[in-house]
Amino acid sequence: MGNDSAGIERRHPVMADVAKLAGVSHQTVSRVLNGAPHVRPGTRERVLTAIRELDYRPNSAARALVTRRSQTLGVVSFKSTLYGPASMLDGIEQAARSAGYSVSVTSLRSLDGRSVQEAVDRLRDQGVEGVVAIAPQISAVSAVAKLSSSVPVVAVGPGSQSRVPMVSVDNRSGAEAATRHLLDLGHRTVHHLAGPAGWMESRDRQEGWRSALEAAGAPVPRVEPGDWSARAGYQAGLRIAELDDVTAVFCANDHMALGLLRALHEAGRAIPGDISVVGFDDIPEAAYFTPPLATVRQDFGELGRRALELLVEELEGGAPARPHVRIAPEMVLRRSAGPVATRR
């Protein structure tokens, strides 16, 4: 015979169960859950103990009606498998959970003004308390700046010319550091494999590269165009391999550096003996390239934490003390960059 209890659904505990076990009123449990003052420490502890014993989970919808807080944040994200935007989203989600918020994510294929506004409106209709917008493209930064919204909005991306609070990596200083590192190794100049037009990261990293060369009085070569992909890096590498005067290349991201390394290996060019290569991002695989890739590391977890800090400041009723926060990246030294070789 089967177990008589089979198929009987176990009832989830409700607030009345907590009140009964703790020996208090329903209203007292509610006050403890909502962090209300004037609850005796002993009473609060009995309620919390009962909650743990019963594994009670408050009804979030009912709680929102009482506190007028949904504890939910919206994120407008760029639909992309690129490491940067995807890691920004992960950093924001991790930081939100640590701060006690749930997250509702809307991913867009296009970051034009209308799409971004509609996404924010949908999130607002869901009752989110604030919105974080990932804005890696120039068009996205412009769209976020023009938003009309009754909830606070914080942007995460490389821009700083925005009327909304923004957190960004200092891409320009990172590119300057990468270029200076190669110059300090004795290279006469540094070539640059750039990201696609329309991306602020591309613009800022190209400006940083150019600024470092000009400050050192080094020649500024023609920019090699790219699109963030390993394929673009490979195609650029085939062209670069035929140029005898190239000894150092700064790539705007690590995936293009991977393709570049493959093309140079196939052409018989030694890395770093013939050509040194530096990337940007420090993707998890960068340390396992052949050779391990020197690169510029971005702290996406810190991006998420800082964005949440700005948003919480706004939620608590005040303008952020620092509406634009720039996070310095870190140069990671590995074997793909070395001293310029003596030419025979």
Shape verdict for region 99-219, please, from the Cα gyration tensor: rounded (a/c under 1.5), prolate (a/b greater than b/c) or oblate. prolate
10 Å Cβ shell holding at most 10 others, DSSP loop, GluC sites (Glu not before Pro): longest site-free stretch of the chain: 10-241
Sorted by chain and number, the residues with a modelled amide H under 5 Å from that of residue 78, at a separation of 5 or more or across chains, are 108, 134
Summing +1 for each Lys or Arg and -1 for each Asp or Glu, what net charge is found among the other residues whose Cβ lies under 13 Å from the Cβ of residue 95? -2
In region 241-299, carbon and sulfur make up what percent of the accessible area (probe 1.4 Å)? 50 percent
How large is the dipole of region 107-257 about the Cα centre if only Lys and Arg carry +1 and Asp and Glu carry -1, each at its Cβ, rounded to the nearest 20 debye? 300 debye
Quick one: Kirkwood hydrodynamic radius for region 109-153, alpha-carbon pairs, angstrom, one decimal? 10.5 Å
So what's the angle, to the nearest 10 degrees on a 0 to 90 scale, between helix 254-266 and the longest Cα principal axis of the chain? 40 degrees
Estimated D of region 208-335 in µm² per second, where Rh is the Kirkwood radius over Cα pairs and Stokes-Einstein applies at 20 °C, 1.002 mPa s: 130 µm²/s
Using the Cβ atoms and a cut-off under 12 Å, what net charge is assigned to the surroundings of residue 311, where Lys and Arg are +1 and Asp and Glu are -1? -3
Keeping all protein chains in place, calculate the accessible area per residue for the chain (probe 1.4 angstrom), answer in Å². 50 Å²
Of all trypsin sites (Lys or Arg not before Pro) in region 257-326, the ones in DSSP coil with at most 14 other Cβ atoms within 10 Å are none
In degrees from 0 to 90, rounded to the nearest 10, what is the angle of the helix 83-98 Cα long axis to the longest principal axis of the chain? 30 degrees
Using Cα atoms only, what is the angle between the long axis of helix 113-125 and the major principal axis of the chain, expressed in degrees (0 to 90) to the nearest 10? 20 degrees
Are there any trypsin sites (Lys or Arg not before Pro) in region 195-228 that are in a DSSP loop and have at most 11 other Cβ atoms within 10 Å? List them by number. 222
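The values are calculated or read from the model by the stated rules, or taken from the named source; none is laboratory data. Being a predicted model, the structure only gives us computed values, none of them experimental. Backbone-built Cβ (ideal geometry, glycine too); neighbour counts: all protein chains shown. For accessibility, only protein heavy atoms count, side chains too; no ligands or nucleic acids. Shrake-Rupley method; radii C 1.70, N 1.55, O 1.52, S 1.80 Å.
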